[in-house]
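First comes the structure, then the notes that go with it.
Readers should treat all values here as calculations from the given coordinates under stated rules, not as data from a laboratory. If you're wondering where the values come from, they're calculated on a predicted model, not measured in any experiment. For neighbour counting, all protein chains shown are included, and Cβ atoms are generated from backbone atoms with ideal geometry for every residue, glycine included.
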Amino acid sequence: MNGIGASVSAPDGGAWDRETQLGQLEQLNAMERQQDVNLWTANSIYVAASALILVALFTSPPTDMLPMKWMLPVVGFAITSAWLVTSTRAHQYENRWVWKARCLEKVIPIPTEYRVWNRPPSGIPAKYAEYALVYFFAFLWIGLSFVVSGLCVPTVLFVILVGLTAGLGKQLLEIFSKKDCECPPPSLTEQHP
């Protein structure tokens, strides 16, 4: 087990000492924080795009866009589908970096009370609200497509949503699982001075 000041050989033959470990921990923390910012920025953009399409749908005079009106919910649904996929991928990266940071905090070792990733904050995780909003918009677009075009388009959109959710099933389960991943045994061999 690596302790304070322990040095192990890195894959490139260099030293993987405490300073390198702390630098890597800092990088993992920064990557997670940036991913969080990216995720919420993207969420804001997806909500704004959906709002614009809703405005176009409800403010256009019936005769101006009649031939194209059925397409607006389809475009909104496409935006929501992209939102679902990109959010899922972003959370996968976020989880991976947090997991690696937790493992590194144990290897360094950092006392438990000072570990950044020792335990998640209390309360409901924001990802629940995020995915509720994504699925709200997905079902809103399906419902609005029924209103403007009948049964065929919303049926196709619903099938796409079910397929997309099933296709992302493993990733979604990984994101929402409460289990804490165990750190693998160190793959690098210890060097003794």
Open item on the list: Report the gain in length on full extension from ALA51 to GLU19: 0.36 nm times residue separation, minus Cα-Cα distance, nm rounded to one decimal.
Closed with: 6.7 nm
Open item on the list: Suppose a student asked you for the relative contact order of the range 63-167, using Cα pairs under 8 Å spaced at least 6 residues apart; what percent would you report?
Closed with: 42 percent
TODO: Give the residues of the range 122-141 whose amide nitrogen is closer than 12 Å to a point set 7 Å from the Cα of PHE158 in the direction of its Cβ.
DONE: 139
Task: Per-residue ³J(HN,Hα) for the range 109-125, Karplus 6.51 cos²θ - 1.76 cosθ + 1.60, θ = phi - 60°, Hz, x for Gly and Pro - done: x, 9, x, 3, 5, 10, 6, 5, 9, 4, 8, x, x, 6, x, 7, x
TODO: Determine which residues of the range 117-159 fall in the zone a paramagnetic label at PHE58 would reach in this model, i.e. backbone nitrogen under 20 Å from the point 7 Å along Cα→Cβ.
DONE: 133-150
Task: Over the range 14-182, equivalent-ellipsoid semi-axes from the Cα gyration tensor in Å - done: 43, 15, 12
